[in-house]
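A quick write-up on the structure given underneath.
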Amino acid sequence: MIYKIAFRYAFSPKNRHKLTSIRIAIGLIFASLALNVILAFMIGLQDKRFSLIREFSSYDAIIEVNENADVEKLLSQLNNDTDIKFAFEFIEVPTIIRNDDSSQLFGKIRGFKQSDFEKLSYSLIKGDFSQSGVFLGFSKILTSTFDYLKPVDLTILKKGKTVTVVPLQTEQTVEGVYYTPLSDFNNYYAFMDYDTLREWAPYAQSQIGVYGDVNKIKDIAAPYGTVSSWIDQNESLYAAMKLEQYLMYFTLSLLSLIVLFQLYNSTLNLIKTKSAEIAMLRALGITKKQTQQIFSISSLIVSLTGIILGTTVSFFALKYSTKIISLLNKITNYSIPMLNLSVDLSFSIRNASLVAIPLILITYIMSRVAIKKLLKTNNMEILLNE
């Protein structure tokens, strides 16, 4: 009986306060939608950044091969394993690249074999990797006076006889331009043919980039060298972005508190408008405990309805986000930059739960507090005022 009465006071057509319940439910729908979309967008941005780092800069793992280790044997074992997508050898050394107009690149130069480079995701805008010159990033070309097929001075560090390292300087030609979506990577790394760079820097330690399961990579590579995953290589960045994620959750929690404060006022007003019903129930012999249960459940039904509908709307909004953004651009006749960011907006049950569960619990607690406060008022006094 308690549940039937509770539903009657939630959305029953005979309930004179049903419009207030509907307004609260609609408010929770929009609150859930907004919080879910913001979470999906922020996490999508971070995931995209991590994905690009793994794809172009750090791979899933990099193996620093021990001296005198059989590199070809290790590559064969890795590429023959079903959990490994692709493994390739490369070397890299610190470099300074200058031209006559004082443009400079302080970074590293990576040497790839042409057959391996063609399987990687780097895009060549100009040039052919079979050439022995330098390949610079598209972002660096745009922001400097480096130019395609122009000579540059290349300085790398080489082991010396009397000192640890000595600079080796040579003139090279910019034989190509590559592109990645990571502008920082483009500005820091130059590419070169593996054999040419190995000839100049025979001391350079062989490294193997691997795409695949990190645990499997560590098992196979353990006898040959040291394995560092993409997280190990970007430990500071990963920690900073994780901190940023926690701060994002904290900020959204503050926004949720604002929503809940408004929700509390609405719930309190709703309970107050039902004071006459509460007094009549008490006059009919319904105990305080039963009355509190009835209106707590009634409030919970309203909040659950709003949150479940809001979560459902969030699911479809994120699933069809591309079509929605396209429609908005057509309606406004303007390409909104924020809406055109290529971010994977995916619905997450975990994030939806982080939004829904606190909202449900707090609205339930608030309704109990409001009802308990109202039950302290004398029933006859309430009926006389009505």
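The values are calculated or read from the model by the stated rules, or taken from the named source; none is laboratory data. All figures in this text were calculated on a predicted structure; none of them were measured in a lab. All Cβ positions, glycine included, derive from the backbone under ideal geometry; neighbour counts span all protein chains shown.
Tabulated data
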| read-out | value |
| --- | --- |
| Top-ranked residue in the range 213-234 [being under 23 Å from the mean Cα position of the chain (by Cα) and assigned to a strand (DSSP E or B); ranked as nearest to ASP60 (Cα to Cα)] | SER229 |
| When residues of the range 11-26 are limited to those that are part of a helix (DSSP H, G or I) and among the hydrophobic types (A, V, I, L, M, F, W, C), the one modelled with the highest pLDDT | ILE26 |
| Failed item in (1) basic (Lys, Arg); (2) over 29 Å from THR226 (Cα atoms); (3) outside any helix (DSSP H, G or I), with LYS119 passing the rest | (2) |
| Spans of helices (runs of 4 or more DSSP H) in the range 247-364 with at least 3 residues at pLDDT 80 or above and among the hydrophobic types (A, V, I, L, M, F, W, C) | 288-319 |
| Count of residues meeting criterion [within 13 Å of ALA221 (Cα to Cα) and touching a Lys or Arg at 6+ places or on another chain (Cβ under 7 Å)] in the range 55-85 | 2 |
| Residue that is aliphatic (A, V, I, L, M), closer than 16 Å to GLN207 by Cβ, surrounded by 20 or more Cβ atoms within 10 Å (Cβ to Cβ) and touching a residue at least 60 places away in the same chain (Cβ under 8 Å), where the choices are ILE97, ILE63 | ILE63 |
| Tally of residues being polar (S, T, N, Q), in contact with a helix residue (DSSP H, G or I) (Cβ under 6 Å, 6 or more places away or on another chain) and either assigned by TED's automatic domain parsing to the domain that holds GLN245 or outside any helix (DSSP H, G or I) (or both) across the range 27-83 | 3 |
| Test: residue in the range 138-159 that is in contact (Cβ under 8 Å) with a residue 60 or more places away in the chain, in contact with a strand residue (DSSP E or B) (Cβ under 6 Å, 6 or more places away or on another chain) and surrounded by fewer than 19 Cβ atoms within 10 Å (Cβ to Cβ) | yes |
| Residue satisfying condition, being under 16 Å from SER206 (Cα atoms), free of Cβ contacts under 8 Å to residues at least 12 places away in the same chain and more than 24 Å from the chain's Cα centre (by Cα), within set SER76, SER115 | SER76 |
| Of the criteria (1) at pLDDT 90 or above; (2) crowded, with 20+ Cβ neighbours inside 10 Å; (3) under 30 Å from VAL166 (Cβ atoms), which one PHE129 fails | (1) |
| Single match in ASP153, ASP116, ASP101 (criterion: at pLDDT below 90, under 18 Å from ALA190 (Cβ atoms) and not β-branched (Val, Ile, Thr)) | ASP101 |
